Amino acid sequence: MKVLVVGSGGREHALCRALSRDPAVGALVCAPGNAGTAQLAQPRPLDVADPDAVADLAEAVQADLTIIGPEVPLVAGAADELRVRGLRCFGPTAAAARLEGSKAFAKNMMHAAGVPTAASRDHIEVEPALADLDEFGPPYVVKYDGLAGGKGVTVTTDRRSAVAAVRACLRNPDDRVVIEEYLDGPEVSLFAIVTETGAVIPLLPAQDHKRVGDGDSGPNTGGMGAYTPLPWAPRGLSAQVVRTVIQPTVDEMARRGTPFCGLLYAGLALTSRGVRVVEFNVRFGDPEVQAILALLATPLTDVLSGYRAPVWRSGAAVTVVVAAAGYPQAPRLGDPIIGLDAAGALTGVDILHAGTRRDADGRIVSSGGRVLCVTASGPHLEAARGSAYEAVSRISLAGAHYRTDIGDPSRLGPYGPPVVRQKP
Ligand code: AMP
Ligand code: GLY
């Protein structure tokens with residue numbers, strides 16, 4: 001079959017890599033793609049935010065299956081348009097994608113379905129939002145209601161910063177802000193495939209590293225690295241999350257007449273009072289899926305369709321994101337990347353591209369904040385981590401930075417790494 005992958009990041013390169021190993025996949029298109037996907041899949045120009053353009057391309061290339069990587073086309077209705085035209089696709093409708101597109105909607109749905117999450121309230125005016133800041137108390141959690149590319153959340157103990165965040169979220173007449181209770185404990189990303197018939201298939205739990213610097217310092221980013229599985233996670237975590245989070249959500253969405261199918265991403269905090277949902281996303285997490293797919297032994301299209309349960313290779317996988325100088329505030333673009341072949345030659349290593357393109361001279365240069373997702377698998381976490389960092393050391397990109405503590409065993413206590421502080 002011919003598969004169209006929509007998107008241009010490390011997640012889409014990982015999807016293309018898994019699809020290129022799938023015997024059922026004869027041809028691949030990745031639009032718009034990057035310099036890495038172009039080595040596996042035909043690139044095509046595409047405005048991913050335009051549902052008609054996505055469906056036109058799927059028709060033009062005669063795709064048997066379209067997999068939509070990012071949230072923007074899903075929230076805009078690309079999956080609806082594909083289905084209206086009778087085209088097969090992996091991804092939820094716009095109505096179901098509101099689970100990611102509106103935090104207020106997601107909260108309302110979770111409260112209705114009895115899904116454990118932080119207490120919260122949403123507001124369209126500043127004063128009542130400020131009253132809630134004081135009611136919930138520090139650390140303050142302030143969230144912009146709509147899509148914000150991972151930059152819509154402020155977690156701070158400083159009331160002035162929290163007030164500024166509330167005002168920034170309510171700049172325009174239609175804006176809405178969510179104020180919520182702070183959740184302590186380590187964070188876990190659990191992805192579940194939800195088939196068109198409503199079957200729920202959890203993937204391996206993974207952990208992202210959202211802050212830019214070692215030890216979870218500095219500003220939030222799209223994600224600086226990930227590893228899977230989680231040796232410290234409580235036994236039965238996936239089954240518990242399916243039972244208490246994923247299935248009730250799928251049932252509630254169906255009850256409302258907007259059934260969810262595609263990938264449901266539960267961002268979780270393992271708090272001192274139990275598992276709580278931090279957020280839902282409606283697509284694979286990036287960079288978590290790069291590590292997860294590195295361990296998938298089953299053909300990806302069989303897993304996405306629910307035809308086969310995923311079988312995982314033993315061992316562990318680690319993804320280290322190499323980011324451009326200035327990321328996340330003001331990434332510098334256009335720098336040449338050297339050493340990709342030497343890095344990719346290491347056993348168990350896959351150099352997945354995120355923000356890369358070929359320049360007029362055919363050189364691979366940086367074109368985004370997160371440039372590469374260096375992914376390695378190995379018999380255990382330390383081996384995978386060692387290979388990933390060995391590969392990173394072979395790559396040179398002027399001004400690049402990366403975290404040195406992705407999957408660091410010294411940070412893995414019995415209750416997991418101290419990703420967020422205890423509430424004072
Ligand atoms: P989100 O975009 O909702 O995933 O939020 C981004 C990050 O902010 C999360 O990964 C957490 O690290 C942090 N965060 C969000 N909500 C909370 C909360 N209620 N308590 C503590 N940290 C949070
Ligand atoms: N890694 C976080 C996300 O994909 O939203």
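Among residues of the range 167-178 that are closer than 11 Å to H123 by Cα and free of Cβ contacts under 8 Å to residues at least 60 places away in the same chain, those with a Cβ under 8 angstrom from a residue that is among the aromatic types (F, W, Y) and surrounded by 14 or more Cβ atoms within 10 Å (Cβ to Cβ), sequence gap 6+ or separate chain, pair up as C169/Y144; D175/Y144; V177/Y144.
For the structure I just gave you, tell me whether F260 is within 16 Å of ligand 1 (Cβ to nearest atom) and either in contact (Cβ under 8 Å) with a residue 60 or more places away in the chain or β-branched (V, I, T) (or both). Write out each step before concluding.
Values: within 16 Å of ligand 1 (Cβ to nearest atom): no; either in contact (Cβ under 8 Å) with a residue 60 or more places away in the chain or β-branched (V, I, T) (or both): yes.
Spelling it out, it is not the case that F260 is within 16 Å of ligand 1 (Cβ to nearest atom) and either in contact (Cβ under 8 Å) with a residue 60 or more places away in the chain or β-branched (V, I, T) (or both).
The condition (being crowded, with 17+ Cβ neighbours inside 10 Å, free of Cβ contacts under 8 Å to residues at least 40 places away in the same chain, hydrophobic (A, V, I, L, M, F, W, C) and farther than 27 Å from A226 by Cα) is satisfied by just one residue among A31, A41, A60, A53: A53.
Please go through the range 392-403 and pick out each residue that is in a loop (DSSP other than H, G, I, E, B) and farther than 19 Å from G348 by Cα. First the steps, then the outcome.
Looking only at the range 392-403, we keep the residues that are in a loop (DSSP other than H, G, I, E, B), and these are 394-395, 398-400, 402-403.
Matches in the range 392-403: A398, G399, A400, Y402, R403.
Would you tally the residues in the range 222-274 being among the β-branched types (V, I, T), surrounded by fewer than 19 Cβ atoms within 10 Å (Cβ to Cβ) and closer than 15 Å to P186 by Cα? Counting residues in the range 222-274 that are among the β-branched types (V, I, T), surrounded by fewer than 19 Cβ atoms within 10 Å (Cβ to Cβ) and closer than 15 Å to P186 by Cα gives 0.
At least 1 residues that are farther than 25 Å from G222 by Cα and more than 16 Å from ligand 2 (Cβ to nearest atom) in each: list the helices (runs of 4 or more DSSP H) lying fully within the range 1-94 that qualify.
Working: elements: 10-20, 51-60, 71-76, 78-84.
Qualifying helices (runs of 4 or more DSSP H): 10-20, 51-60, 78-84.
Yes or no, residue by residue, for (1) within 16 Å of ligand 1 (Cβ to nearest atom); (2) in contact with a Gly (Cβ under 7 Å, 6 or more places away or on another chain); (3) within 29 Å of T404 (Cβ to Cβ):
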site	(1), (2), (3)
L183	yes, no, yes
A192	no, no, no
G198	no, no, no
N220	yes, yes, yes
V250	no, yes, no
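Taking every residue in the range 80-106 that is under 11 Å from A58 (Cβ atoms) and pairing it with any residue that is at pLDDT 95 or above and surrounded by fewer than 19 Cβ atoms within 10 Å (Cβ to Cβ), at least 6 positions away or on another chain, the pairs with Cβ-Cβ distances below 8 Å are E81/D52; L82/R88; R85/E59; L87/E59; R88/D64; C89/R83. Listed by first and then second residue, the pairs with beta-carbon distance under 6 Å, at least 6 apart or on different chains, first residue in the range 351-371 and more than 18 Å from R17 (Cα to Cα), second aromatic (F, W, Y) and assigned to a loop (DSSP other than H, G, I, E, B), are G369/Y327. Scoring F191 on the criteria (1) touching a strand residue (DSSP E or B) at 6+ places or on another chain (Cβ under 9 Å); (2) without any contact (Cβ under 8 Å) to a residue 40 or more places away in the chain leaves a single failure, condition (2).
Applying the selection to the range 194-212, what residues are out of contact with any Lys or Arg (no Cβ under 7 Å at 6 or more places or on another chain) and within 16 Å of ligand 2 (Cβ to nearest atom)? Correct list: L203, L204, P205, A206, Q207, D208, K210, R211, V212. The residue that is nearest to S102 (Cα to Cα), among those in the range 274-323 that are in a loop (DSSP other than H, G, I, E, B) and within 16 Å of ligand 1 (Cβ to nearest atom), is V282. Is at least one residue of the range 289-306 within 30 Å of N108 (Cα to Cα), more than 14 Å from ligand 2 (Cβ to nearest atom) and in contact with a helix residue (DSSP H, G or I) (Cβ under 6 Å, 6 or more places away or on another chain)? Taking every residue of the range 289-306 in turn, none turns out to be within 30 Å of N108 (Cα to Cα), more than 14 Å from ligand 2 (Cβ to nearest atom) and in contact with a helix residue (DSSP H, G or I) (Cβ under 6 Å, 6 or more places away or on another chain).
The number of residues in the range 357-385 that are touching a helix residue (DSSP H, G or I) at 6+ places or on another chain (Cβ under 6 Å) and in a loop (DSSP other than H, G, I, E, B) comes to 0.
Determine, yes or no, whether G149 is at positive phi and away from ligand 2 (no atom under 16 Å from the Cβ). When the stated conditions are applied, G149 does not pass them. Within the option set G215, G222, being away from ligand 2 (no atom under 16 Å from the Cβ) and among the small types (G, A, S) holds for one residue only, G215.
Going through the range 203-224 one residue at a time, which ones are part of a strand (DSSP E or B) and closer than 21 Å to A330 by Cβ? Before you say what the answer is, go through the steps one by one.
Filtering the range 203-224 down to residues part of a strand (DSSP E or B) leaves 206-208, 211-213, 217-220.
Across the range 203-224, the qualifying residues are R211, V212, G213, S217, G218, P219, N220.
Only residues that are of a type in the set (S, T, Y) and within 14 Å of ligand 2 (Cβ to nearest atom) were counted in the range 262-277, giving 1.
The values are calculated or read from the model by the stated rules, or taken from the named source; none is laboratory data. As the structure is a computational prediction, the values presented were derived from the model and not from experiment. Heads up, the Cβs are rebuilt from the backbone with ideal geometry, glycines too, and the neighbour counts pull from every protein chain shown.
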